[in-house]
1. Among the listed residues Ser296, Ser283, Ser257, which satisfies the condition of being at pLDDT 90 or above, open to solvent by 20 Å² or more (accessible area, probe 1.4 Å) and under 30 Å from Leu149 (Cα atoms)?
2. I'd like to check something: does region 466-475 contain any residue that is surrounded by 19 or more Cβ atoms within 10 Å (Cβ to Cβ), of a type outside the set (Phe, Trp, Tyr) and touching a residue at least 60 places away in the same chain (Cβ under 8 Å)?
3. Residue under question is Arg345, and the condition is that it be of a type in the set (Lys, Arg) and modelled with pLDDT under 85; does it hold?
4. Scan region 53-66 residue by residue and report those that are under 18 Å from the mean Cα position of the chain (by Cα) and farther than 22 Å from Leu222 by Cα.
5. Restricting attention to region 243-271, which residues are over 22 Å from the mean Cα position of the chain (by Cα), closer than 19 Å to Leu187 by Cβ and among the small types (Gly, Ala, Ser)?
6. Residues in region 218-250 that are surrounded by 14 or more Cβ atoms within 10 Å (Cβ to Cβ) and within 28 Å of Gln444 (Cα to Cα): how many?
7. I need a count of the residues in region 23-42 that are in a helix (DSSP H, G or I), of a type in the set (S, T, N, Q) and surrounded by fewer than 20 Cβ atoms within 10 Å (Cβ to Cβ).
8. Looking at Leu423, Leu418, Leu409, which one is assigned to a helix (DSSP H, G or I) and open to solvent by 30 Å² or more (accessible area, probe 1.4 Å)?
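The values are calculated or read from the model by the stated rules, or taken from the named source; none is laboratory data. Only a predicted model underlies this, so the values are computations on that prediction, with no experimental measurement involved. Virtual Cβ from ideal backbone geometry, glycine too; neighbours counted across all protein chains shown. These accessible areas exclude ligands, DNA and RNA; they are computed on the full protein's heavy atoms, side chains included. Shrake-Rupley method; radii C 1.70, N 1.55, O 1.52, S 1.80 Å.
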Amino acid sequence: MNSNVNSVGLREDLLLYPLQGKFLLLGIIASVTLWLAFLSFPTALALFTVFAVTGILWRRDEAPVLAFCIAFQWVSATAAYFYEKITGYFPDLLVLGDTERTLILSLIGFMVLTVGIRGGVDLLAFRFKREASVSHYDIKGLFYGVIVLYSASWLVEVNPKLINFEISEVIARLFDFRTVILFLLFLSVLQQRRGYLYAMIAGAWVLIPSVGSYHAAFTQVLFLFFIALLSVWHPWARIASQRLRSRKIALTLLGASMLIFFMGLLWIGSMQHAWRAAILSRSMESPVEKVNEFKSVLESQVPGSDFQKSLESFTRRLSSGFTYFSLVLDRVPSYLPHEGGKLVRRAVDHCLRPRFLFPEKPFLGSNSWLVRLYAGIPVAGEESGTSVGLPYMAEFYIDFGVMGMMIALLVYGFVLGLIYQGLVLVSPSTQFASAVVTVIFIQQFLTFDGEIAYTLGGFLNSLVVFGAILLIMGRWLHRRLVLS
C-alpha cells in the first residue's frame, strides 16, 4: 500500500516539476565532468547548483519566476569568481576576501533556500488542493487596460511618499498591481500566438517613460517579457510540433538574453553615472522631459564607450553583493562578533509594525551602514542619496554563523514558498496567479544583495495589498478580462 502511494506521489511530482529529474541528472553529469577535467570543486558545484535549483523550482504551467530569481542571484554570486579565474583579477577592486569559500557558502545557501521554498509551496499545495484553471484572456481588453493604467506615467512621476507618507508602501503596491495586467498581456499574446503588435505597443508605452527614472526601472519590462517567454517554453515537450515551437522559443530566449546583457553593459558601463549626474544637476519635472534628456545623454555616451571597461564595470556592479559577502566572512567573527539575531529581529520588528498604525516607527533609510560596518568598505550612503545593499545571506551569517545561516535560509525559503503558494491559491486562474507572483518576486527577490528588512517588508505589503485585491475583486477582474 505504501509503495503504491509513494509511486503515485512520485509520478505527480514529476508531472508538476517535469525538469526536476532531468536537470538533477544533467547537473551531476556536467559537474562531475567539469571537476575531473579542471579539478575545480567550486566551479563544479556552481554548475550543479544552477541545474538543481532550476529543476526543483520550475513548475509546469506556471511562470518560472522562482527559478528565474534564484538563477539571477546565482549569476551575481558566480560572476566575480569566474571573471577572476579567467582574467586573473577582479576589476577595480583593491580588497577581496576568500572567493572560493564565499562561492561555496553561497551555492550551498541557494540549495538550502530552494529546499525551503519548495517545502512552503508543497505544504500549501497539499493542504489546499486547487485545480489548474487555464483561461483565454481578451488581448485587446488587456491592451487598453495597460494604456489607461500607465497613462499617468507620461504626465507625472508618482511618488507615494508625497501622497501620504504613513501609507506610502500601500500606495506603491496599489500602483504595482497594474503591472499584473501588463504581464497578463505578454503571457496571453504568447500563449494564444496572436496580438503581437498589441504587446509591442503596450511594452513601449510602459518602457519609454521608465527610462527617465533614477534607477534602471526600464529593466522590469524586459524581465517581465523574458519570464513570459519562459512560461511558454516547454523543453519537456514530446510532441513534434511542440518540440519545434520550443526550439524556436529557445532561440528567442537566447536573443532576449543577449539584448538584456548588452543593455546592462550600456547602462552600467556608459550611462549610469552620466545620467544620474544629469538628474541631480538639472530640473526635470515631467517624465517626457526626462526621456528627452536621457536621449541626449545616450547620444553623448554611447559613441565613446569602451567594451572592456563596460564589461569590467558591469561585472563589478553585478557582483558587488558577492564581494561584500566575502569581506564579511573575513571580518566576522575575526574583528566583529556575531550579532545573535540582531539584524533579523530588526527586520521582523520593522515588518510587523505598519507605519499607519505606528507612525513613530523610524525610517530604515540607506542600507550602506551595513556594508560600512560589516564589510569595512566606505561606500556612499544616505548623505549622497545612495543605498548600497548587503546580501541577505551575509546578514544571516552575521547574526548566526555558518550553520545558523543555513537554518535561517531554510526558514526564509519556507516563508517565501508560503507567500508564493498563498497568492496562487487566491488567484482566479493559473495565468492570473503567474502574473501576480511574477510581479511580486521580480520586485522583491530578484537581487542577491536584497536587505532583509526591506525585502520582508516588501513581501508583507505585497501579500496584504495584492491578496486583498484578489479576494475582493479578483473574480470580477477575471470575468471582465476573460474571453466569453
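1. On the way: Ser296 fails: at pLDDT 90 or above; Ser283 fails: at pLDDT 90 or above.
Matching residue, one of Ser296, Ser283, Ser257: Ser257.
2. Within region 466-475, the subset surrounded by 19 or more Cβ atoms within 10 Å (Cβ to Cβ) is 466, 470, 474.
Those still in the list that are of a type outside the set (Phe, Trp, Tyr) too: 470, 474.
Cutting the leftovers down to touching a residue at least 60 places away in the same chain (Cβ under 8 Å) gives us none.
No, because not a single residue in region 466-475 is surrounded by 19 or more Cβ atoms within 10 Å (Cβ to Cβ), of a type outside the set (Phe, Trp, Tyr) and touching a residue at least 60 places away in the same chain (Cβ under 8 Å).
3. Numbers: of a type in the set (Lys, Arg): yes; modelled with pLDDT under 85: no.
It is false that Arg345 is of a type in the set (Lys, Arg) and modelled with pLDDT under 85.
4. Hits for region 53-66 are Val53, Gly55, Ile56.
5. Applying the first criterion (over 22 Å from the mean Cα position of the chain (by Cα)) to region 243-271 yields 243-248, 251, 270-271.
Those left that are additionally closer than 19 Å to Leu187 by Cβ: 245-246, 248.
The answer is Ser246, and nothing else.
6. 19
7. Here is the first cut: in region 23-42, the ones in a helix (DSSP H, G or I) are 23-38, 41-42.
Filter again for of a type in the set (S, T, N, Q), leaving 31, 33.
Still in the list and also surrounded by fewer than 20 Cβ atoms within 10 Å (Cβ to Cβ): 33.
Final tally of qualifying residues: 1.
8. Leu418
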